[in-house]
Amino acid sequence: MQLLDGVGTAQRIQDRIREEAAALIPQRGRAPHLAAVLVGEDPASQVYVGSKVKTCEALGFGSTLIRRNAHTSEAELLQIIRELNADPEIDGILVQLPLPKHISENAIINAIDPAKDVDGFHPVSQGNMVLGQPTYLPATPFGIQLLLAEYGIDVSGKHAVVIGRSNIVGTPMSILLSRSGTGGNATVTLTHSRTQNLKELCLQADIIVAAIGKPRFVTADMVKEGAIVIDVGINRIEDASRKSGSRLVGDVDFDAVFPKCSYITPVPKGVGPMTICGLMMNTLKAWKAGA
Ligand code: NAD
């Protein structure tokens with residue numbers, strides 16, 4: 001069993017991104033620039049946006065963080081998106097999810113110019129992804145593909161079971177793994193809350209991608225010997241032994257599953273940094289496309 005190191009892998013890929021951007025900045029006249037929009041005070045969202053802004057700095061990218069309180073109206077947020085769409089100095093726009101309940105996430109995502117949709121959530125991006133056409137891939141499944149590629153793991157012909165069918169992780173992951181081409185060609189089973197024989201399906205899986213949002217949901221008795229396990233979940237659980245009183249765990253019962261599998265991502269330091277890596281790859285691409 002081997003740990004899939006998201007931090008080290010993201011660092012290596014980001015070194016390449018930094019070099020590529022630095023070489024092109026003289027002719028482009030400016031660095032890539034990402035705008036992040038954060039609405040409300042959700043602590044986890046603040047941490048995620050903070051990491052994205054910090055990574056921009058580390059790569060020599062510009063960034064703009066637009067913060068609004070939880071009472072911001074949908075109309076105000078739409079106006080912010082329109083201004084960012086029209087700003088020629090902004091290459092990529094991300095709106096940190098979840099948004100407060102009174103704001104339609106679909107309305108906001110749909111308002112982002114697909115040319116600046118570096119999170120890959122817009123229907124145009126997702127449609128192009130399904131068709132295998134050039135696009136911005138959703139950052140988390142894209143990051144997972146980058147991670148597998150860096151470790152030389154070929155998923156072609158393997159049976160992948162994806163647990164969870166969200167628009168941002170499970171569903172696009174199932175499409176990327178199944179479509180023709182590099183990083184694809186797997187046989188995919190997409191499972192969800194109505195799936196009745198999840199354990200049996202998981203036991204047939206060469207690859208399990210867990211994106212459920214339930215702490216340690218995938219237990220050792222669900223995992224075949226030698227399987228590859230990708231844990232997307234980020235769950236905060238109580239832990240009296242920690243000063244903070246809590247810690248992060250994934251959707252996989254890591255300690256029990258680790259001895260059984262060939263590769264596994266830890267939580268934290270697995271998929272999380274790779275998601276940011278996917279976002280930075282997309283931002284670089286948007287900047288280059290705007291040349
Ligand atoms: P979501 O809540 O939108 O979707 C959860 C999915 O799990 C649903 O499709 C649901 O059908 C499925 N599910 C629920 N109960 C199930 C069950 N008993 N059996 C099978 N499937 C079941 O979640 P999401 O946005 O996809 O996020 C999932 C997890 O991944 C969360 O913990 C989230 O914090 C984390 N996440 C991490 C990253 C990262 O970069 N590491 C990025 C996005 C999300």
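Listing for the model above:
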read-out: Three-way shape label, the stretch 167-291, alpha-carbon gyration tensor, a/c 1.5; value: oblate
read-out: Relative contact order of the chain, pairs being alpha-carbon contacts under 8 Å that are 6 or more residues apart, as %; value: 21
read-out: Within the chain: Cβ-based charge dipole about Cα centre, in debye rounded to nearest 20 (Lys, Arg +1; Asp, Glu -1); value: 100
read-out: Farthest toward positive dipole pole in the stretch 1-71 [+1 Lys/Arg, -1 Asp/Glu at C-beta], among Ser51, Ile17, Val7; value: Ile17
read-out: Modelled FRET efficiency - R0 30 Å, Arg68 with Ser166, Cβ distances, 0.05 increments; value: 0.80
read-out: Zone of Ala256's modelled label, taken as backbone nitrogen in the stretch 190-230 under 16 Å from a point 7 Å along Cα→Cβ; value: 198-200, 202-203, 214-225
read-out: FRET efficiency, Ala107 to Gln2 (Cβ-Cβ, R0 41 Å, nearest 0.05); value: 0.45
read-out: Per-residue Cβ neighbour rank within 10 angstrom, fewest leading, His71, His159, His33; value: His71, His159, His33
read-out: Calculated FRET efficiency for the pair Asp154/Glu20, C-beta based, R₀ 22 Å, to 0.05; value: 0.30
read-out: Given charges at Cβ of Lys, Arg, Asp, Glu: the stretch 104-208 dipole, positive-most of Gln204, Thr182, Val155; value: Gln204
read-out: Charge tally in the Cβ shell below 14 Å around Asn167, where Lys, Arg are +1 and Asp, Glu are -1, Asn167 excluded; value: -2
read-out: Phi to ³J(HN,Hα) by Karplus 6.51 cos²θ - 1.76 cosθ + 1.60 over the stretch 266-276, Hz, x for Gly, Pro; value: x, 10, x, 6, x, 6, x, x, 6, 4, 5
read-out: Long-range HN-HN contacts of Ser246 with modeled amide H, under 5 Å; value: Asp239
read-out: Gyration tensor (alpha-carbon) shape descriptor, the chain, a/c threshold 1.5; value: prolate
read-out: Amide proton proximity set for Ser63, modelled H, under 5 Å, gap of 5+; value: Leu34
read-out: Alpha carbon centroid spacing (whole Å) that separates the stretch 229-277 from the stretch 78-126; value: 29
read-out: Mean ellipticity per residue at 222 nm, deg cm²/dmol - from DSSP H runs of n ≥ 4 across the chain, formula -39500 (n - 2.57); value: -12500 deg cm²/dmol
read-out: For the stretch 1-63 versus the stretch 135-174, the gap between their alpha-carbon centres in whole angstrom; value: 20
read-out: Spatially near lysine pairs across the chain, Cα under 25 Å, sequence gap of 8 or more or different chains; value: 29
read-out: Spin-label proximity, Val130 to the stretch 154-181 - amide N less than 17 Å from point 7 Å beyond Cα toward beta carbon; value: 165-180
read-out: Assigned charges on the beta-carbon of Lys, Arg, Asp, Glu; the stretch 187-252 dipole about Cα centre (debye); value: 320
read-out: Check: the stretch 6-65 dipole with +1 on Lys, Arg Cβ and -1 on Asp, Glu Cβ, in debye; value: 220
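Just so you know, all these numbers are worked out from the coordinates, no wet-lab data involved. All values derive from a computational prediction rather than experimental measurement. Heads up, the Cβs are rebuilt from the backbone with ideal geometry, glycines too, and the neighbour counts pull from every protein chain shown.
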